[in-house]
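Enquirer: The structure under discussion is supplied below as structure tokens; questions concerning it will follow.
The values are calculated or read from the model by the stated rules, or taken from the named source; none is laboratory data. Just so it is clear, the structure is predicted and the values come from calculations on it, not from any experiment. Glycine also receives a Cβ, built like all others from the backbone with ideal geometry; neighbour counts cover every protein chain displayed. Side chains are part of the model used for accessible areas, which takes the heavy atoms of the whole protein and leaves out ligands, DNA and RNA. Shrake-Rupley method; radii C 1.70, N 1.55, O 1.52, S 1.80 Å.
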Amino acid sequence: MRLLKRNDTGDFGLTDDIPDDQVPPYAILSHTWGDGEVLFRDIMDGTYKSKAGYAKIRYCGDQAAHDGLNFFWVDTCCIDKSNSAELQDALNSMFRWYRNAAKCYVYLTDVS
């Protein structure tokens with residue numbers, strides 16, 4: 001499992017793959033996909049802040065920090081969908097990842 005980690009400046013980056021028995025407490029984001037989602041490659045190449053979906057990623061990181069969590073997971077950018085083995089593993093593990101999250105936030109684009 002790969003997580004996003006918020007740093008002291010409020011920015012974030014991806015962790016390396018974390019073994020199941022070493023995953024720290026984390027928040028998870030439930031959301032609908034739209035145009036301009038932040039993808040794994042956007043995080044890796046540093047272009048994520050220019051994407052429309054950055055607002056909900058920032059929301060999740062800020063809310064996690066408010067709740068005392070340094071780590072959070074968002075499907076659009078924590079899964080490398082270009083890697084078919086990783087994508088299949090993520091699909092098979094997603095229920096467990098939601099169940100094991102310390103917090104689950106819901107982002108609804110049509111609700112202020």
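Enquirer: State whether one or more residues within region 37-51 are closer than 21 Å to Asp110 by Cα, at pLDDT 90 or above and touching a Leu at 6+ places or on another chain (Cβ under 9 Å).
Expert: yes
Enquirer: How about region 57-69: which of its residues are part of a helix (DSSP H, G or I) and closer than 11 Å to Arg6 by Cβ?
Expert: Ile57, Arg58, Cys60, Gly61, Asp62, Gln63, Ala64, Ala65, His66, listed by residue number.
Enquirer: Further question: Looking only at region 70-84, filter to residues that are within 11 Å of Leu4 (Cα to Cα) and open to solvent by 20 Å² or more (accessible area, probe 1.4 Å); which one of those is nearest to the chain's Cα centre (by Cα)?
Expert: Filtering first and then ranking leaves Asp75.
Enquirer: Take region 17-61 and flag every residue that is open to solvent by 80 Å² or more (accessible area, probe 1.4 Å) and either touching a helix residue (DSSP H, G or I) at 6+ places or on another chain (Cβ under 7 Å) or within 16 Å of Lys81 (Cα to Cα) (or both).
Expert: Of everything in region 17-61, those that are open to solvent by 80 Å² or more (accessible area, probe 1.4 Å) and either touching a helix residue (DSSP H, G or I) at 6+ places or on another chain (Cβ under 7 Å) or within 16 Å of Lys81 (Cα to Cα) (or both) turn out to be Asp17, Trp33, Arg41, Met44, Asp45.
Enquirer: Of the conditions (1) within 18 Å of Pro24 (Cβ to Cβ); (2) open to solvent by less than 60 Å² (accessible area, probe 1.4 Å), Cys104 clears all except one; give me its number.
Expert: Going through the list (1) within 18 Å of Pro24 (Cβ to Cβ); (2) open to solvent by less than 60 Å² (accessible area, probe 1.4 Å), Cys104 breaks only (2).
Enquirer: Whether any residue in region 27-48 is under 14 Å from the mean Cα position of the chain (by Cα), over 22 Å from Leu91 (Cα atoms) and assigned to a helix (DSSP H, G or I) is what I want to check.
Expert: Checked region 27-48: at least one residue is under 14 Å from the mean Cα position of the chain (by Cα), over 22 Å from Leu91 (Cα atoms) and assigned to a helix (DSSP H, G or I).
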